[in-house]
Amino acid sequence: MTKSAVASSDAAQANHDLAQQLRDSRLKNGLRHFIGGEWVDGQAGKTFDTHSPVDNTFLAKVAEGDASDIDRAAGAAHEAFQTWREVSGAERRKILHRVADLIEKRSQEIAVLESTDTGQAIRFMKSAAARGAENFRFYADRAPAAQDGQSLPAPGFINYSIRQPIGPVGVITPWNTPFMLSTWKIAPALAAGCTVVHKPAEWSPVSATLLAEIMDEAGLPKGVHNLVHGFGESAGKSLTEHPLIKAIAFVGETTTGSHIMRQGADTLKRVHFELGGKNPVVVFDDADLDKALDAVVFMIYSLNGERCTSSSRVLIQDGIYDEFTRKIAERAANIRVGDPLDPATEIGPLVHPRHFEKVMSYFDKAKEEGATIAEGGVRVGESGNFVRPTLFTGARNDMQIAQEEIFGPVLTAIPFKDEADALALANDVKYGLAGYLWTNDVTRAHRFAHGLEAGMIWVNSENVRWLPTPFGGVKNSGIGRDGGDYSFEFYMETKNIAISLGTHKTARLGVGQAPAVGKKEAGE
Ligand code: NAD
């Protein structure tokens, strides 16, 4: 499947024209690091290639950062922190709004580049770019109050707390929706008064370069935001170990989170982890089944299924199991897989051949484990990383297809008897990021939501994000929360200041007659 062969409409063709123009202009000369306000090559001069998921052909050369580049970037972030921390909240607000304005202005370019680099369908990347701007606006408006603390009067004292930025922070992001996720971390860090060193994923580095350029254009002072490309085990690792970096905000796989925790131990890094998921969507027979069907299909097959909050396990009450899975299969069979730059496309290619192989391997696993492939389970075309949206039925919760994060457009359906059975199945995984619940019994909805082991639960809805609410997971899905004021808790230190009203009595030492024992005798 080549891009020209599948450009099916004028809009698709216009996206391809823009993509070609951007490849010829911005990608042709390669992607460089952005350190201390300058675009620079790696100190060792090494590069790596990034490829198009459509046909795995060369897309761009990327500077390959190592420990020395991270050291330079951390030094620049440390220096810039000394002044950025003093910049008023009102001024930070202004700059971050300018970043949002520029993201909006360049949203088409961002969406096209993101689609080209990740394989995500353009229809979703347009809203992801808009969400990137929204993230900056949201935290821009909160910058002036980020330092606010509490007044905690006590007998004889006025206590008050203030918040101060923790220092330069490292932001490490994954490849699935890199632009949006990066803004989600970087915007609150800057609003808090921190400076940043960003290490984006090596499989989709393009949009991070664009974001750095936009922030520079918006007037962010030199060194406040730094970007170092490279691999996790070298550039990423060095960032987590660097003594000038005070905290690591990480989004990625659970096992990488464990590595980062170990790597950051010597320098006592504060960590914030948004990790993997195997999120259940539980459908009771009293639910609005038409709406539930829409949401189930959307939450697993949108964004190529490469989405941390995707509902990759559907638990269905046994009386409606056959009918409901039949309908999912019907919808899945109708999903348009193809050219990511075509607005009609619903699923694009998976990001990388290695990830494609991983997802494909679960098709064999499902057969070996005795599940049924009710739909999909095959690649699409002879080249590129395209797979058919897939549904496994007849699965048990102890199978690998029900326990492991596949991170592709692959759904595992499991029947349940009653509420207790559903809750036991839903909780019987190592992950706990999100959960979705479909029922019209309001009492059961509350009871079930309280029992479900997940950081975020939606009742009778797909994932609809409201930025002030806490975002994050429990169990192996993460540590800490983003969103609203929760992000500032991570990027800032809380300091308490106790002022005496002069009325309390301080215990007095050294004013009594000292006992003779232990006293030095004269002449001793
Ligand atoms: P990954 O863990 O392989 O890589 C993520 C980032 O970590 C990359 O930038 C990588 O270079 C870096 N990295 C790898 N090893 C490192 C190390 N030892 N030290 C420092 N950095 C290192 O994840 P991925 O494959 O890019 O992304 C997919 C994963 O991300 C999935 O598990 C998905 O669930 C998760 N994710 C979670 C959320 C969430 O909010 N919970 C959101 C999106 C993605």
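Structure data summary
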{"quantity": "Net charge of Cβ neighbours under 10 Å - reference ILE70; Lys, Arg +1; Asp, Glu -1", "calculated": "-1"}
{"quantity": "Ranking of HIS33, HIS355, HIS78 by count of other Cβ atoms within 10 Å, fewest first", "calculated": "HIS78, HIS355, HIS33"}
{"quantity": "Nearest-ten-degree value, helix 67-84 long axis tilted from longest Cα axis of the chain", "calculated": "60 degrees"}
{"quantity": "Low-density loop positions, trypsin sites (Lys or Arg not before Pro), region 425-524 - DSSP coil, at most 16 other Cβ in 10 Å", "calculated": "LYS430, ARG465, LYS505, ARG508, LYS519, LYS520"}
{"quantity": "Two-decimal Rg/Rh across region 256-298, once Rg and the Kirkwood Rh are taken from alpha-carbon atoms", "calculated": "1.37"}
{"quantity": "Ordering of 458-464, 209-215 by packing [mean C-beta count within 10 Å, highest first]", "calculated": "209-215, 458-464"}
{"quantity": "Antiparallel bridges, percent of DSSP beta bridges restricted to region 280-466 (to nearest 5)", "calculated": "15 percent"}
{"quantity": "Ordering of 143-151, 117-125 by packing [mean C-beta count within 10 Å, highest first]", "calculated": "117-125, 143-151"}
{"quantity": "Centroid-to-centroid separation of region 17-66 and region 359-421 [C-alpha atoms, Å]", "calculated": "35 Å"}
{"quantity": "Net charge of neighbours whose Cβ lies under 12 Å from the Cβ of ILE166, counting Lys and Arg as +1 and Asp and Glu as -1", "calculated": "+4"}
{"quantity": "Rg over Rh [alpha-carbon atoms, Kirkwood Rh] for region 125-239", "calculated": "1.09"}
{"quantity": "Nitroxide proxy distance, nm - points 7 Å out along Cα→Cβ at GLU493 and PHE48", "calculated": "3.4 nm"}
{"quantity": "Least to most buried among HIS504, HIS259, HIS198 (fewest other Cβ within 10 Å first)", "calculated": "HIS504, HIS259, HIS198"}
{"quantity": "Protection proxy ranking of 268-278, 287-297, 82-92 - average other beta-carbon atoms within 10 Å, highest first", "calculated": "268-278, 287-297, 82-92"}
{"quantity": "Global geometry of the chain, whether rounded, prolate or oblate, following the gyration tensor of its Cα atoms and the 1.5 cut on a/c", "calculated": "oblate"}
{"quantity": "For THR412, THR50, order by how many other beta-carbon atoms lie within 10 Å, fewest first", "calculated": "THR50, THR412"}
{"quantity": "For SER234, net neighbour charge (Lys/Arg +1, Asp/Glu -1) across residues whose Cβ lies under 13 Å away", "calculated": "-4"}
{"quantity": "Whole-Å semi-axes of the ellipsoid equivalent to region 280-466 (Cα gyration tensor, √5λ, descending)", "calculated": "26, 17, 15"}
{"quantity": "DSSP bridge orientation in the chain - percent antiparallel, rounded to nearest 5", "calculated": "45 percent"}
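Any read-out appearing in this document is the output of simple, stated calculations on the displayed coordinates, not a laboratory observation. Small disclaimer: the values here were computed from a predicted structure and weren't measured. Here the Cβ is made from the backbone with ideal geometry for all residues, glycine too, and neighbour counts use every protein chain on show.
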